[in-house]
1. Return the residues of the stretch 61-74 that are outside any strand (DSSP E or B), open to solvent by less than 40 Å² (accessible area, probe 1.4 Å) and not small (Gly, Ala, Ser); say none if nothing qualifies.
2. Between residues in the stretch 447-464 that are within 18 Å of Arg194 (Cβ to Cβ) and free of Cβ contacts under 8 Å to residues at least 60 places away in the same chain and residues that are surrounded by fewer than 24 Cβ atoms within 10 Å (Cβ to Cβ) and among the basic types (Lys, Arg), which pairs lie under 9 Å by C-beta distance while being six or more apart or on different chains?
3. Looking only at the stretch 323-350, how many residues end up being crowded, with 17+ Cβ neighbours inside 10 Å and at pLDDT below 95?
4. So which of Asp77, Asp94, Asp35, Asp15 ends up being open to solvent by 50 Å² or more (accessible area, probe 1.4 Å) and within 26 Å of Gly150 (Cβ to Cβ)?
5. Consider Asn184 carefully, then state whether it is within 17 Å of Val448 (Cα to Cα), touching a residue at least 60 places away in the same chain (Cβ under 8 Å) and open to solvent by 10 Å² or more (accessible area, probe 1.4 Å).
6. Has the stretch 338-349 got at least one residue that is within 17 Å of Glu123 (Cβ to Cβ), within 24 Å of the chain's Cα centre (by Cα) and without any contact (Cβ under 8 Å) to a residue 60 or more places away in the chain?
7. Of all residues being under 30 Å from Ala247 (Cα atoms) and in a helix (DSSP H, G or I) in the stretch 18-32, which is most open to solvent (accessible area, probe 1.4 Å)? Just the residue, please.
Amino acid sequence: MHQMTLAEIARGLADKKFSSEELTKVLLARITQLDPQLNSFISLTEELALEQAKAADARRANGESGALLGAPIAHKDLFCTQGIRTSCGSKMLDNFKAPYDATVVAKLAAAGAVTLGKTNMDEFAMGSANESSWYGAVKNPWNLEHVPGGSSGGSAAAVAARLLPAATATDTGGSIRQPAAFTNLTGLKPTYGRVSRWGMIAYASSLDQGGPLARTAEDCAILLQGMAGFDQNDSTSIDEPVPDYSASLNTSMQGLRIGVPKEYFSAGLDPRIAELIQNSIKELQKLGAVIKEISLPNMQHAIPAYYVIAPAEASSNLSRFDGVRFGHRCENPENLIDLYKRSRGEGFGPEVQRRIMVGAYALSAGYYDAYYLKAQKIRRLVKNDFMAAFNEVDIILGPTTPNPAWKLGAKNSDPVAAYLEDVYTITANLAGLPGLSMPAGFVDGLPVGVQLLAPYFQEGRLLNVAHQYQLNTDWHTRTPTGF
């Protein structure tokens with residue numbers, strides 16, 4: 001059962017080959033047995049899962065149907081779940097039980113999805129390796145000595161190890177796509193505003209976006225269908241009709257114009273990954289795609305702009321965690337200032353503290369124009385580059401990451417080296433565009449991803465291209481040894 005995709009589970013439940021309760025029990029037992037070596041879960045919700053599975057079976061018995069009805073998933077631990085710990089991977093929120101469900105959680109529950117638990121993540125989604133979590137690092141199932149990527153590494157490792165078929169994740173600068181690439185999964189960051197952020201604990205509000213992590217594009221289409229849609233509770237949610245993503249998976253790719261930016265193939269890219277990307281391009285050409293070289297001239301400025309904007313927004317968002325209303329509070333504070341200082345100093349880890357400091361500095365009176373304002377101007381230039389490119393092509397293709405997953409701890413002493421691994425992914429967040437990573441091969445036994453970017457609200461096109469590619473390749477079917 002654990003080897004089935006979300007689509008296969010939906011068909012099996014519809015054909016009454018097994019019940020949701022049976023499947024849920026199998027996967028909960030598998031998580032209990034195998035997760036200690038991965039550390040991909042922060043909380044298991046066994047009682048809730050079995051209750052939801054029984055309810056889904058009852059709904060099916062009454063004639064209801066739906067691809068997610070009875071399907072087991074997990075949520076990244078920054079989606080608020082009523083009455084269940086929502087920690088954001090931080091000591092600061094270790095004792096926090098959300099009083100309500102995030103919109104994404106509520107929508108998926110209404111569709112009948114079964115929540116198996118909450119997955120591990122970089123603290124407050126700040127990281128590219130899932131090593132900054134208060135609950136310890138997550139291991140990559142393809143090689144337990146390597147990182148799974150971050151910040152959605154728990155969701156990625158759990159799905160890659162076949163502990164469950166799909167999971168929710170979030171992407172602020174590549175945190176869905178990069179873990180997908182490192183663990184041989186398909187991961188989709190939707191257009192900014194396509195999926196509600198209400199109840200999703202914020203890191204950088206103008207960049208954060210929820211999305212699906214699964215083994216196939218077909219599964220991502222199913223999960224995104226349940227997640228997407230306008231939400232009046234979220235002022236950044238966009239009132240745009242949600243198409244049937246599964247319906248367009250088999251659209252012909254004949255004549256599809258794919259742009260390949262020359263800036264992607266610079267000295268920083270591992271030549272073995274470059275070769276796999278070229279192989280992917282040839283595969284898509286066989287399916288009828290037309291390849292064109294394009295340019296994204298301001299890509300070189302994206303990382304410095306992102307690492308001003310994101311920490312600036314983080315310093316503002318995380319000011320609410322002050323030891324007063326909820327979250328960690330220090331023992332016996334001498335006064336209010338001591339309460340603030342010690343609660344935040346004890347509750348936040350080093351990476352979160354580093355980004356808060358950078359962000360506060362960039363927003364300070366003497367440096368706002370020099371840093372934050374200039375970064376926002378660069379952000380507009382990045383967006384303009386994409387708009388010009390999409391006048392010439394339908395999709396942009398390139399590597400998801402410049403290198404395969406690195407060893408645990410290898411970049412801990414040099415945070416900037418880890419930041420540079422986001423070079424291909426952060427531009428989509430700065431511009432608010434949808435992006436997808438899909439499996440494209442292996443380097444030294446570690447998975448590699450190819451990234452696709454599309455114009456606003458063209459998630460269906462990304463899923464279509466990825467699905468057609470996956471019908472003609474088998475990278476996505478490979479399973480890590482021992483799982």
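The values are calculated or read from the model by the stated rules, or taken from the named source; none is laboratory data. Note that the structure is predicted; figures quoted are calculated from it, not measured. Cβ coordinates were reconstructed from backbone atoms using ideal geometry, including for glycine residues, and neighbour counts include every protein chain displayed. Protein only, heavy atoms only, side chains kept; ligands, DNA and RNA dropped before computing areas. Shrake-Rupley method; radii C 1.70, N 1.55, O 1.52, S 1.80 Å.
1. Leu68, Leu69
2. Filtered contacts from the stretch 447-464: Leu452/Arg461.
3. Residues in the stretch 323-350 being crowded, with 17+ Cβ neighbours inside 10 Å and at pLDDT below 95: 2 in total.
4. Asp94
5. Taking the combined requirement at face value, the residue does not satisfy it.
6. Looking for residues that are within 17 Å of Glu123 (Cβ to Cβ), within 24 Å of the chain's Cα centre (by Cα) and without any contact (Cβ under 8 Å) to a residue 60 or more places away in the chain, one finds none in the stretch 338-349, hence no.
7. That would be Glu22.
Residue by residue, here is whether (1) hydrophobic (A, V, I, L, M, F, W, C); (2) within 20 Å of the chain's Cα centre (by Cα); (3) surrounded by fewer than 24 Cβ atoms within 10 Å (Cβ to Cβ) holds:
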residue	(1), (2), (3)
Trp406	yes, yes, yes
Asn412	no, no, yes
Thr425	no, yes, no
Asn429	no, yes, no
Leu433	yes, yes, no
Ser437	no, yes, no
Pro455	no, yes, yes
Glu459	no, yes, no
Ala466	yes, yes, no
